[in-house]
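A quick write-up on the structure given underneath.
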Amino acid sequence: MYDIVIIGSGPAGYTAALESAKRNYKVVLIEKDLHNLGGTCLNEGCIPLKGLLYYSKFLKDYNEIIKVVTDKIKKIREGLLVRLKNAGVDIIEGTASFISKDEIKCNDKNIKAKNFIIATGSAQKQIYNNPNVFNTKKIFNLTKTPFSVLIIGGGAIGCEYASFFNKMGTDTTIVEILPSLLYGEDEELVRTLEREFKKNKIKIFSNSKVAEIKEDGYITIDVNNEKVELKSDFIFEATGRKAQIDELNLDAIGVTKTQKGFIDVNCSMRTNIPNIYAAGDCIETPMLAYTAYAEAEVAVKHIAGENPDPIDYKFIPKIVFSFPQAGSIGFNEIKAQMHKINYNVYKYFFKANGKAVVEGCETGFIKLIEDKEEQRIIGGFVIGDEIVDMMNELSIMINNKIKIYDILKSVHVHPSYSEIIVEALKYGKI
């Protein structure tokens with residue numbers, strides 16, 4: 001009998017496996033296809049897409065980019081397999097299905113365990129059941145850059161792929177049913193992103209939906225009840241994801257789900273069945289690899305009786321790796337007003353940042369929201385070319401409730417992109 005069985009090898013699954021092994025638990029990781037060890041994130045999601053975006057800056061041959069990225073992914077996957085084996089994790093390739101709360105079937109064998117962690121991730125939604133509409137997997141099977149592409153969905157994935165194809169010289173169009181790209185994010189940040197997209201000739205149809213897709217590549221778009229027709233060589237859908245849990249036989253053992261079909265868990269990642277936990281994209285929380293890491297750690301710590309702190313999802317940073325990048329964390333002005341917080345706004349532009357100007361990356365700004373009573377940052381919004389580490393820095397400041405006067409006591413390297421944080425607090429109060 002195992003102490004812990006983990007189903008799924010994505011960020012939540014392999015993190016749970018490594019954390020379990022670190023605590024000397026007897027643990028097995030079950031993955032239905034070891035060619036996809038690492039899950040969606042490693043094999044078709046965040047890592048490959050970031051590779052496409054990076055290499056598109058200086059490589060223009062589509063096949064060359066795909067080959068380089070595919071080789072890198074294989075190297076990471078092999079490294080992950082070695083880490084898991086060296087940690088003492090048993091690995092089984094197969095599909096798991098619950099027989100009872102204490103037992104699963106996998107490859108015609110029954111496996112018993114004291115605890116289970118479900119980390120089966122998510123699958124792409126398919127709203128358009130049309131043979132001419134593809135998911136993101138198809139992008140890695142193309143043999144050349146399409147002349148034109150239509151992206152259905154203007155969320156993070158849609159914006160990132162729009163940036164990639166645009167960088168490759170493809171005529172790029174985004175159709176978004178909501179009023180804007182990245183709807184719900186800071187309005188000023190979204191306006192800046194849309195402006196930069198349009199400067200780069202990316203066409204955006206907001207408040208719009210695809211009404212008809214014809215076999216010859218012609219598409220009819222409903223734009224505010226007016227029909228617009230255009231032609232595209234390649235159409236793919238980026239309209240969200242759903243929990244990938246159908247094969248687990250959860251109904252038979254009574255695991256409850258949310259209204260949207262995700263596994264329902266409490267703040268300890270525990271389901272209504274005391275020895276069954278879930279983490280990552282199969283539960284209804286932000287679909288981010290680093291959220292999955294945190295959730296997996298909470299689950300293992302709870303199994304180990306370590307009483308982990310619950311995750312505060314309000315203060316998890318989000319970033320879109322588009323050109324330019326767009327990041328957010330915490331309260332924007334609207335949310336601050338809703339919570340009746342007395343706040344200050346600080347804003348500073350990259351065109352006043354020496355490193356950004358010298359490197360030709362002066363597009364964008366940082367906006368910080370301060371809780372005046374607590375004298376700390378409760379929200380941060382950044383759009384620019386090099387903002388990833390800045391978002392990590394803001395996450396540390398916000399999640400640890402660091403006072404602004406303590407931030408200002410720190411000395412940042414000059415020139416650097418992240419010094420814009422202290423520059424905004426010193427000189428950017430609105």
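The values are calculated or read from the model by the stated rules, or taken from the named source; none is laboratory data. As the structure is a computational prediction, the values presented were derived from the model and not from experiment. Ideal geometry is used to build each Cβ from the backbone, glycine not excepted, and the neighbour counts take in all protein chains shown.
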Discussion item. Looking only at residues that are of a type in the set (S, T, Y) and either assigned to a loop (DSSP other than H, G, I, E, B) or touching a residue at least 40 places away in the same chain (Cβ under 8 Å) (or both) in the range 403-417, which one is farthest from V357 (Cα to Cα)?
Written reply: S410
Response to the item:
Of the candidates I65, I73, I99, the one satisfying the condition of being farther than 19 Å from V300 by Cα and touching a strand residue (DSSP E or B) at 6+ places or on another chain (Cβ under 6 Å) is I99
Fill in: Hits in the range 1-30 (condition: surrounded by 19 or more Cβ atoms within 10 Å (Cβ to Cβ) and of a type in the set (S, T, N, Q))
S9, T15, S20
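For every residue, the table says whether it meets (1) modelled with pLDDT under 95; (2) closer than 16 Å to G10 by Cβ.
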{"site": "I219", "(1), (2)": "yes, no"}
{"site": "K227", "(1), (2)": "yes, no"}
{"site": "D233", "(1), (2)": "yes, no"}
{"site": "A252", "(1), (2)": "yes, no"}
{"site": "N275", "(1), (2)": "no, no"}
{"site": "G280", "(1), (2)": "no, yes"}
{"site": "T285", "(1), (2)": "no, yes"}
{"site": "T291", "(1), (2)": "no, yes"}
{"site": "A294", "(1), (2)": "no, yes"}
Worksheet item: Restricting attention to the range 418-430, and to residues there that are under 30 Å from the mean Cα position of the chain (by Cα) and assigned to a helix (DSSP H, G or I), which single residue is farthest from C361 (Cα to Cα)?
Response: L425
Practice prompt. Go through V382, V300 for me and flag whichever is in the same structural domain as I47 (by TED's automatic domain parsing) and buried (at least 19 other Cβ atoms within 10 Å of the Cβ).
Written response: V300
Worksheet entry | Listing of strands (runs of 3 or more DSSP E) fully contained in the range 65-151 that carry 3 or more residues being surrounded by 14 or more Cβ atoms within 10 Å (Cβ to Cβ) and touching a residue at least 12 places away in the same chain (Cβ under 8 Å) | 90-93, 96-100, 109-118, 122-124
Response to the item:
Given the conditions (1) under 29 Å from F262 (Cβ atoms); (2) buried (at least 17 other Cβ atoms within 10 Å of the Cβ), every one holds for T172 apart from (1)
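Got a number for residues in the range 8-58 being β-branched (V, I, T), assigned to a strand (DSSP E or B) and out of contact with any Phe, Trp or Tyr (no Cβ under 7 Å at 6 or more places or on another chain)?
1
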